[in-house]
1. Just to verify a result, which residue in the range 1-47, among those that are part of a helix (DSSP H, G or I) and of a type in the set (Val, Ile, Thr), is surrounded by the fewest Cβ atoms within 10 Å (Cβ to Cβ)?
2. Can you give me the number of residues within the range 267-326 that are over 22 Å from the mean Cα position of the chain (by Cα) and of a type in the set (Val, Ile, Thr)?
3. Is at least one residue of the range 180-194 surrounded by fewer than 17 Cβ atoms within 10 Å (Cβ to Cβ), assigned to a loop (DSSP other than H, G, I, E, B), out of contact with any Phe, Trp or Tyr (no Cβ under 7 Å at 6 or more places or on another chain) and not assigned by TED's automatic domain parsing to the domain that holds Met31?
4. Determine, yes or no, whether Asp218 is in the same structural domain as Val288 (by TED's automatic domain parsing), of a type in the set (D, E, K, R) and assigned to a helix (DSSP H, G or I).
5. Does Leu238 satisfy the condition of being more than 24 Å from Gln29 (Cα to Cα) and not assigned by TED's automatic domain parsing to the domain that holds Arg180?
6. Exactly one condition in (1) within 29 Å of Leu118 (Cβ to Cβ); (2) in contact (Cβ under 8 Å) with a residue 12 or more places away in the chain is not met by Thr323; state its number.
7. If I ask for residues that are modelled with pLDDT under 90 and among the polar types (S, T, N, Q), which ones from the range 32-64 would you list?
8. Condition check: in contact (Cβ under 8 Å) with a residue 12 or more places away in the chain and more than 14 Å from Ala21 (Cβ to Cβ). Does Leu101 satisfy that?
Amino acid sequence: MKLTFRQIEPFLKNPDPAARAILVYGPDQGMVKERAALLGKKVVADLNDPFNAAHLTGEVIEDDQSRFYDEVNAQSLMGGTRLVRVTDPGAKFAVALKDWLKTNPSDGTLLVIEGGDLRPRDAIRKICEEAVNAAAIPCYIQDERDMAKFLRDLLSETNRTAANDTINWLSGALKGDRGRARMEIEKLDLYKGTDTSPITVNDAMEACGDSGAQNLDDLLYAATGRNPQKALSTYTRLLAEDTELIIILRSLQNHLRRLHQVRATMDEKGLPIDAAMKNLQPPVFFKVEDSFKAQVNRFPAALLRKMLARLNEIEAETKKTGTPSETLVAETILKLASM
């Protein structure tokens with residue numbers, strides 16, 4: 001079954017018992033792992049339970065498909081439902097999955113699959129969307145407003161609070177990566193220790209300075225600030241830190257959208273730049289306000305739309321097999337920085 005956006009949260013809280021296989025996929029791998037773990041814990045308290053849980057990698061299944069059939073057809077030694085987790089599934093897994101679902105498996109096993117950024121025609125996604133006894137849950141990069149809410153929820157779990165400027169800086173810097181957001185909040189909690197005062201921007205910068213967040217901001221403002229040398233060197237650092245290409249591309253897209261929103265508001269309503277920027281959510285971090293304003297004034301709305309369209313095309317191209325994605329994105333960043 002294919003879940004709509006509105007169906008995802010209710011499903012996560014109370015999964016449909018008819019779904020014996022649940023695929024969690026998308027570009028936000030932090031969210032993929034988080035949601036897969038949440039679903040797994042509906043069945044077992046410990047995902048590494050030696051009696052009621054099994055973990056298979058795509059590589060293991062590629063080498064020996066019988067391992068998959070053995071695990072999904074095994075009976076729980078302790079009673080109840082058994083959990084089988086599959087991570088990094090390959091092409092052969094799709095065939096095994098389809099065959100297993102056709103057997104109308106009992107409720108004795110729940111299969112949770114952690115997939116990558118799968119396209120609609122990818123076999124595993126297609127199987128789980130079309131089968132009545134399976135489900136597919138997408139995990140897309142969150143925008144800054146959604147990330148701000150997620151950060152506040154994480155802080156609440158640790159009985160912490162943060163100033164609005166801090167939330168704005170973190171949500172902009174983390175660029176939709178929920179996995180890294182959770183780690184950064186844990187670091188901040190340790191950093192504050194017994195200090196119960198609200199977390200400040202300086203606290204966040206001090207504790208999270210090595211997260212790659214600043215590098216992402218540096219890339220955005222260099223790429224749209226006519227600084228190709230800095231843009232390329234920052235891009236290289238981000239790749240060395242294992243930052244996903246999709247996060248880099250979506251961050252650039254989001255930055256251009258915000259520039260376009262302000263530029264278009266100024267043009268259509270005749271507002272000064274400060275008034276036009278008041279509609280941005282979250283607001284621009286105060287330390288980059290001057291740079292943001294300079295870029296709004298530099299680029300016409302039509303050019304910003306053209307740049308956004310090109311980034312959308314680049315994202316689609318990077319998802320094609322055999323595309324030299326890192327090189328393609330590097331060339332795009334250089335072109336942006338040269339405009």
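The values are calculated or read from the model by the stated rules, or taken from the named source; none is laboratory data. Model, not experiment: these values are computed from the prediction. All Cβ positions, glycine included, derive from the backbone under ideal geometry; neighbour counts span all protein chains shown.
1. Residue satisfying both the conditions and the ranking: Ile8.
2. So the answer is 3.
3. Yes, the range 180-194 has at least one match.
4. yes
5. Judged against the criteria, Leu238 is not a match.
6. (2)
7. Asn48
8. It is false that Leu101 is in contact (Cβ under 8 Å) with a residue 12 or more places away in the chain and more than 14 Å from Ala21 (Cβ to Cβ).
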